[in-house]
Amino acid sequence: MFKLLLIEDDATLFTEIKERLAKWSYEVHGIFDFNRVLEEFIGLKPDLVIIDIQLPKFDGFHWCRLIRSHSNVPIVFLSSRDHPTDMVMSMQLGADDFIQKPFHFDVLIAKIHAILRRVYNYNTEQSTSLKTWCGATIDFEKNLVSTPDGSIELTKNEIYILKLLIEQKNTIVSREAIINSLWNDQRFVSDNTLTVNVNRLRKKLDELDLGRFIETKVGQGYIALEEHTSL
């Protein structure tokens, strides 16, 4: 049974979401002291976090940032705020998805299913946990990219996107193919979400001088190049 942490201060909505998810055998926990969100997260060790932006004391972005400093657990934002910058901010902080209120429960459940299936079945499907690319070693189990100059830790989405690209290196992978593979159903995902994830991946890879090997092919998709290769 997967443990979910639902960080939502609307008691009525919290109860409704918990009851709906319980029907799918998810164990849902809430926060009762919004001064101790991080402490409760660390103590619970949930498999997935659902978090609202507007919360007492500190907003959801604050807690997402702190959770990300401790864990790569999947994070889904659930918010009535509809400004594009809110979605962009959530993705930049390492969230896996953003669902706007009001929402259809079937969409929420489908997204949770897809994320958990992707994250927790992912490593068991790896033929190997290590791969080399452009002089770097990629550890899929630890979500690490390492070179002699250092290492960076990626989120589950970022490591999955990188895996898709380097498995088909020197070949353009369409945006649609990545969306279908990553989120399973592109109807539930904005095109901008993929852009933000790829840009964040490239920015992290820049720390190891690897970002230049992930290229955008306008109107087509993305390509992972081998060193000294140019298309």
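None of the figures in this text is laboratory data; all of them are computed from the coordinates on show. In this text, all values refer to a predicted model and were calculated from it rather than measured experimentally. So basically every Cβ, Gly included, is an ideal-geometry build from the backbone, and we count neighbours across all protein chains shown.
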Karplus-derived 3J(HN,Hα) from phi for the range 6-19 (6.51 cos²θ - 1.76 cosθ + 1.60, θ = phi - 60°), whole Hz, x at Gly and Pro, runs 9, 9, 9, 8, 7, 4, 5, 5, 4, 4, 5, 5, 4, 5
Can you tell me the Rg and the Dmax, both Å, for the Cα atoms in the range 130-224?
12.7, 41
Log10 I(q)/I(0) at q = 0.10, 0.11, 0.13, 0.14 Å⁻¹ for the range 3-125, from Debye over equal alpha-carbon scatterers, is -0.27, -0.33, -0.47, -0.55
Apply 1/(1 + (r/R0)^6) to the Cβ-Cβ distance of residue 142 and residue 19, taking R0 = 45 Å, and write down the FRET efficiency to the nearest 0.05.
0.80
Mind pulling the per residue volume of the convex hull built on the Cα atoms of the chain? Å³ is fine.
125 Å³
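If each residue of separation counts as 0.36 nm, what is the full-extension length gain between residue 130 and residue 206 once their alpha-carbon separation is subtracted? Before the final figure, lay out each step's value.
On the way: separation 76, 0.36 × 76 = 27.36 nm, distance 2.04 nm.
Here the segment from residue 130 to residue 206 would lengthen by 25.3 nm.
Out of all DSSP beta bridges with both ends in the chain, state the antiparallel percent to the nearest 5. Spell out each step's value before the answer.
Details: 17 of 32 bridges.
Percentage antiparallel, nearest 5: 55.
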Taking the alpha-carbon distance from residue 57 and a cut-off under 30 Å, which lysines remain once sequence neighbours fewer than 8 residues away in the same chain are dropped?
3, 18, 45, 101, 111, 156
If I take every Cα pair under 8 Å that is 6 or more residues apart in the range 3-125, average their sequence separation and divide by the length, what percent do I get for the relative contact order?
22 percent
